[in-house]
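Scroll down for the structure; my scribbles are underneath it.
The values are calculated or read from the model by the stated rules, or taken from the named source; none is laboratory data. Values in this document were obtained by computation on a predicted structure and should not be read as measured data. Neighbour counts run over all protein chains shown; Cβ positions are idealised from the backbone, glycine included. With ligands, DNA and RNA removed, areas are computed over all heavy atoms of the protein, side chains included. Shrake-Rupley method; radii C 1.70, N 1.55, O 1.52, S 1.80 Å.
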Amino acid sequence: MTAYIFPAEQLSLFLQMKTAGYSTAQIGKYHYFSDISEGDLQQWIAAIAIDHFQELPDPFAVPWQRTEYSEYLKTRGLLKAYLQDLHTRFEKGQCAVVKPAPVSPEDHPDGYAGLKTVEYMRKHSQNQPMFLISSFPGPHTPFDAPGEYAGMFHPDDMTLSPNVPEACEL
């Protein structure tokens, strides 16, 4: 997150699209602000002309924030395993631990972002054009490809760019 808040009075792409007759939506992970009240957030979203806004948390925020994603994991009986995995990664360093996610591709933060995006698109009226930005948490720490994706490439077969710090070696 950032302490800088995009000025609502500044021209935004959302406002331009809204003015052109589009419904506007943003779903996923964003870094708009760090500490803003719910009321101020709703006011800011309306001011920059976003009709539907659904921010998904950074994976490392799940232990400290009660979010719709953590509730989703809880209802599926996955929250405890997900939190334990994050704890282990945090304890050992975000970059140093490269291992599969404890959840399926569908339950992974990227899968969840995709699910929410598709849900919104299906519900959207076909009588109005839609402008939608969907943002996924990965590739981003934790490096936790889910399910079959975790084993697609063996770390020993990977050549890392020279600018990758040694602490992040696979």
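Per-structure values
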read-out	value
Lone qualifier among Thr88, Thr67, Thr19, Thr75 - being at pLDDT 80 or above, open to solvent by 70 Å² or more (accessible area, probe 1.4 Å) and under 21 Å from Pro109 (Cβ atoms)	Thr75
Extreme residue, farthest from Glu106 (Cα to Cα), among residues of region 145-170 that are open to solvent by less than 70 Å² (accessible area, probe 1.4 Å), outside any loop (DSSP other than H, G, I, E, B) and modelled with pLDDT under 80	Cys168
Flag for Pro142 being modelled with pLDDT of 90 or more and not hydrophobic (A, V, I, L, M, F, W, C)	no
Residue that is most open to solvent (accessible area, probe 1.4 Å) [pool: residues in region 22-45 that are at pLDDT below 85 and aliphatic (A, V, I, L, M)]	Ile36
Region 105-133 - residue that is polar (S, T, N, Q) and open to solvent by 40 Å² or more (accessible area, probe 1.4 Å) and, of those, nearest to Leu83 (Cα to Cα)	Ser125
Search result, residues across region 113-128 that are out of contact with any His (no Cβ under 7 Å at 6 or more places or on another chain), not charged (D, E, K, R) and not in a loop (DSSP other than H, G, I, E, B)	Ala113, Gly114, Leu115, Thr117, Val118, Met121
Single residue of Gly93, Gly111 found to be out of contact with any strand residue (DSSP E or B) (no Cβ under 8 Å at 6 or more places or on another chain) and in contact (Cβ under 8 Å) with a residue 60 or more places away in the chain	Gly93
Filter result for Ile50 (modelled with pLDDT of 90 or more, buried (at least 17 other Cβ atoms within 10 Å of the Cβ) and within 25 Å of Tyr112 (Cβ to Cβ))	yes
